[in-house]
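Q: Sharing a structure with you now.
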Amino acid sequence: MTLKELGIGKSGRVVSVGGEKALRRRLLEMGITPRTIVTVRKSAPMGDPIDIYLRSYVLALRLEDAAQIAVEEVVT
Amino acid sequence: MIIALAGNQNSGKTTLFNQLTGSNQHVGNFPGVTVEQKIGALISYSDVSIVDLPGIYSLSPYTSEEIVTRDYLVKQRPDAILNIVDATNIERSLYLTLQLIELQIPMVLALNMMDEVYANNGSIDSFALSNSLGIPAVPISAAKKQGLDELAETVLNAATKKTPPQRIDFCSGAVHRAIHAISHTIEDHADLCGLPARFAATKLVEGDELMLAALGLSDNERHMIDHIVSEMETEMDTDRESAMADMRYQFIEEACKISVVKPHKSKEYLLSAKIDSVLTHKIFAIPAFLAIMVVMFTLTFGGIGAALSRLMLIGVDALIEIVGNALVLNGYNQVVCSLIVDGILSGVGAVVSFLPIIVTLFFFMSILEDMGYMARVAFIMDKPLKSIGLSGRSFVPMLIGFGCTVPAIMSARTIPSEKDRKMTILLTPFMSCSAKIPIYSIFCAAFFSKMQGLAMGCLYIIGIVLAVLAGTAMKKVAFKGMPGPFVMELPNYRFPSPKSVLLLLWDKAKDFLHRAFTVIFLATIIIWFLQSFDSRFNYVVDSSNSILAGIGKNLAYFFTPLGLFDWRIATSLITGFTAKETILSTLGVLSGVSAAELPNALAGMFTPLSAFSFLVFVLLYTPCAATVATVKREYGSWTGAAFTMGFQTGFAWFAAMLAYQIGSIFV
């Protein structure tokens, strides 16, 4: 499953991060590394981007980029 | 002594900078880029300068902010780095810290917002954290001025004693071995370039192309490095970038386990989430945004700003009258009077009367930015701007462009990526500014009286559509392949710091006045000169004999394909460069009619079709002198400003020509 498909209000554990070089590097730097727990909070009024909660802060990213992040759902 | 202030965006870096330096700051640009550089003297230590570096999350080579910071730290080697981190968000903040430590420059960690950590029953053992990282760590609250004396003392101490960070090894296992091996291989090259070997080696493990190029390695050495890295990747069963990021975060998590007690979710976070449940709500978000913008625009262009602007104008007019009378009474000749009154005072006066509007607008803008609302606007409005290669961050500057292009371009500075900033600056002049409204309304009343509203609406839409086209073209040509992922932190809402807001206003006002009295001053004098003298440099009373009119007559050929045959039109467009409102007054003066008779006079100069072509040209052609000066300031060079002028004028000429030629087929 990818972060894009995870669904609002759901949490997941990051499995791997893909995408083009600069994007991928940025996602990793912002703390989306394997085993990190992320929670999808909401999507913007026009459906894109989404905002997620991880490592005690909130990050906004686009759906196309969220589709590059593989996660497994965690039931909290 | 130089101290570099580094940290993430939203870490409170600006607040700390303002607290440490007071109002004793000056702003410039880093050479060659539109990245701002602020320098200030440490309070009560006039020989200690603090350099405020851009807010960044990493030292990777992807954005100009990161490259500028890296180059600055490596080449200028400041005496110490003061790294500020948001203690409520410490894991991600320390990611940059670990990279800064590798530079082996004396360094101190400022743990900001500790008051919030304590208030939420959290704690950070700064002593234990300092031990793990090998650099001193000082808990502070920049907003509440807590711990700042101790911080200053610690930084000065580190800088004087030149104590480098005590630890550089944050990795274990395969990554550690790879860094170590590469570090040995490149040591000599790194020394030659004045780079810390350790930092260079880590960057090579990460696959950093800039670093690879800078070191000037032989093919043999490159192969060796590739071999070391691929061995590491095989052993770890992952790729180089993921391996490094993972390793750093693992170290950070371990260090935090020992020293940090994290509150579950802070009060500030919960409050922010509540506010967000309205301000980024699926249905309410856009109405709320529009309401906030309407209030801001009404107060700026209709209320406070406009009232102050009128007062300013009354003051300027009074001054003009007093000075004019005084000059005449003292028997100065006509030319000197005209230069001072018509040239300098009216020209600069017209521009200075914008000042209250700019200051009022920035007052609201900086409050919204400091509170964290601008990041939400970017979040809400990202989708429509994504298609032209921009992000939601460009929305507000472009919106302000409908009021006045000058503050719009100045506000583009808050956009975090340089590529987006440059594109926003180029596209904002397409948003029709309010100075063009009088021109539109007189022309629409004179030529399109049955559909005035529609005609005006059309002009605004033409501007927006052409901006989209130009943006799409730029994305494909000029800014091709420049990465700019939209991955943005949404910070907790905070109360804005009055000191930061006031300093920003002071800064913007100073900046604008400086420009008014240099570039704009010069531009008005040149236009006045051209308008007041003939080609034999004799002073003329009737400006239709002036050099300017001569230029207008020659330029009329250039405007023929646009259906604008009359030399008076070309002349008015030239004077429009000082301020767009001047176009109408020039047309009036050259036709020898008063403002009330102008619509009738226009009917003799234009057909409805050429009037439309004229309006399209006015909508798009070179922005006014104040805007060009602002573009120059933001780009840090005349190239960008000249490009904007040429690009806009060329675009305007083609659009108006097409409008006229296609229109002629039907009319």
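Q: With the condition kept exactly as written, say whether any residue in the range B:43-65 is at pLDDT 90 or above, more than 25 Å from B:GLY147 (Cα to Cα) and surrounded by fewer than 18 Cβ atoms within 10 Å (Cβ to Cβ).
A: Scanning the range B:43-65, I find no residue that is at pLDDT 90 or above, more than 25 Å from B:GLY147 (Cα to Cα) and surrounded by fewer than 18 Cβ atoms within 10 Å (Cβ to Cβ), so the answer is no.
Q: How about the range B:237-257: which of its residues are among the hydroxyl-bearing types (Ser, Thr, Tyr) and part of a helix (DSSP H, G or I)?
A: Within the range B:237-257, B:SER242, B:TYR249 meet the criteria.
Q: Something else about it: Looking at the range A:50-76, which of the residues that are within 20 Å of B:ASN89 (Cβ to Cβ) and of a type outside the set (A, V, I, L, M, F, W, C) is farthest from the other protein chains (Cβ to nearest Cβ)?
A: Per the stated criteria, the residue is A:TYR53.
Q: Does B:GLU221 fit the bill of being more than 28 Å from B:ILE67 (Cβ to Cβ), more than 14 Å from chain A (Cβ to nearest Cβ) and modelled with pLDDT of 90 or more?
A: Judged against the criteria, B:GLU221 is not a match.
Q: Could you tell me which residue of the range A:1-26 is nearest to the other protein chains (Cβ to nearest Cβ), considering only residues that are more than 10 Å from the chain's Cα centre (by Cα) and part of a strand (DSSP E or B)?
A: Among residues in the range A:1-26 that are more than 10 Å from the chain's Cα centre (by Cα) and part of a strand (DSSP E or B), the one nearest to the other protein chains (Cβ to nearest Cβ) is A:SER16.
Q: While we're on this one: Would you point out which residue out of B:ASP246, B:ASP237, B:ASP226 is modelled with pLDDT of 90 or more, within 14 Å of chain A (Cβ to nearest Cβ), out of contact with any helix residue (DSSP H, G or I) (no Cβ under 6 Å at 6 or more places or on another chain) and under 28 Å from A:GLY19 (Cβ atoms)?
A: B:ASP246
Q: For B:ILE415, which of the numbered conditions (1) within 27 Å of B:LEU355 (Cβ to Cβ); (2) in contact (Cβ under 8 Å) with a residue 40 or more places away in the chain; (3) within 18 Å of the chain's Cα centre (by Cα) fails to hold?
A: Here B:ILE415 clears every test but (2).
Q: Considering only strands (runs of 3 or more DSSP E) fully contained in the range B:2-46, which possess at least 3 residues that are of a type outside the set (Asp, Glu) and over 15 Å from the mean Cα position of the chain (by Cα)?
A: B:2-7, B:36-42
Q: Give, as residue ranges, the helices (runs of 4 or more DSSP H) completely inside the range B:49-147 that count at least 1 residues that are within 14 Å of chain A (Cβ to nearest Cβ) and more than 19 Å from B:THR21 (Cα to Cα).
A: B:64-71, B:90-101, B:114-119
Q: Another one. Please go through (1) in a helix (DSSP H, G or I); (2) within 11 Å of chain A (Cβ to nearest Cβ) for B:PRO263 and return the number of the only condition it doesn't satisfy.
A: Of the numbered conditions (1) in a helix (DSSP H, G or I); (2) within 11 Å of chain A (Cβ to nearest Cβ), the odd one out for B:PRO263 is (1).
Q: Check A:ARG35 against each of (1) within 12 Å of chain B (Cβ to nearest Cβ); (2) in a strand (DSSP E or B) and name the one condition it does not meet.
A: With (1) within 12 Å of chain B (Cβ to nearest Cβ); (2) in a strand (DSSP E or B) applied to A:ARG35, the lone miss is (2).
Yes or no, residue by residue, for (1) small (Gly, Ala, Ser); (2) more than 21 Å from A:TYR57 (Cα to Cα):
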{"residue": "B:ILE67", "(1), (2)": "no, yes"}
{"residue": "B:ARG77", "(1), (2)": "no, yes"}
{"residue": "B:LEU98", "(1), (2)": "no, no"}
{"residue": "B:GLY134", "(1), (2)": "yes, yes"}
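Q: Restricting the search to the range B:477-527, which residues are among the charged types (D, E, K, R) and either closer than 30 Å to B:ILE340 by Cα or modelled with pLDDT under 80 (or both)?
A: B:LYS480, B:ASP507, B:LYS508, B:LYS510, B:ASP511, B:ARG515
Q: Still on this model: For residues that are at the interface with chain A (Cβ under 10 Å from one of its Cβ atoms) and surrounded by fewer than 18 Cβ atoms within 10 Å (Cβ to Cβ), scanning just the range B:266-286, find the one that is nearest to B:GLY403 (Cα to Cα).
A: My answer is B:ILE286.
Q: Quick check on A:GLU29: is it more than 7 Å from every other protein chain (Cβ to nearest Cβ) and either over 13 Å from B:SER242 (Cβ atoms) or free of Cβ contacts under 8 Å to residues at least 40 places away in the same chain (or both)?
A: The answer is no for A:GLU29.
Q: When the range B:389-411 is examined, which residues are found to be assigned to a helix (DSSP H, G or I) and among the hydroxyl-bearing types (Ser, Thr, Tyr)?
A: Selection gives B:SER394, B:THR405, B:SER411.
Q: Starting from residues that are crowded, with 19+ Cβ neighbours inside 10 Å and not in a helix (DSSP H, G or I), keep the ones in the range B:335-388 and report whichever is nearest to the other protein chains (Cβ to nearest Cβ).
A: B:GLY372
Q: How many residues does the range A:38-53 hold that are assigned to a loop (DSSP other than H, G, I, E, B) and either among the acidic types (Asp, Glu) or farther than 17 Å from B:ALA378 by Cβ (or both)?
A: 1
Q: Restricting to the range B:489-508, name every residue that is away from chain A (no Cβ under 13 Å), farther than 21 Å from B:ILE56 by Cβ and either in contact with an Asp or Glu (Cβ under 6 Å, 6 or more places away or on another chain) or not in a helix (DSSP H, G or I) (or both).
A: B:PHE495, B:PRO496, B:SER497
Q: Also, I was wondering about something else. Just to be sure before I move on: is A:PRO45 within 19 Å of B:ARG376 (Cα to Cα) and either more than 7 Å from chain B (Cβ to nearest Cβ) or surrounded by 15 or more Cβ atoms within 10 Å (Cβ to Cβ) (or both) in the structure I sent?
A: So A:PRO45 fits the description; yes.
Q: If you don't mind, there's one more thing I want to ask. Taking the residues in the range B:438-455 that are without any contact (Cβ under 8 Å) to a residue 12 or more places away in the chain and over 34 Å from the mean Cα position of the chain (by Cα) as candidates, determine which candidate is nearest to B:PRO599 (Cα to Cα).
A: That would be B:SER449.
The values are calculated or read from the model by the stated rules, or taken from the named source; none is laboratory data. Just so you know, these numbers come straight off a predicted model, no measurement behind them. No Cβ is skipped: glycine too gets one built from the backbone with ideal geometry, and neighbour counts run over all protein chains shown.
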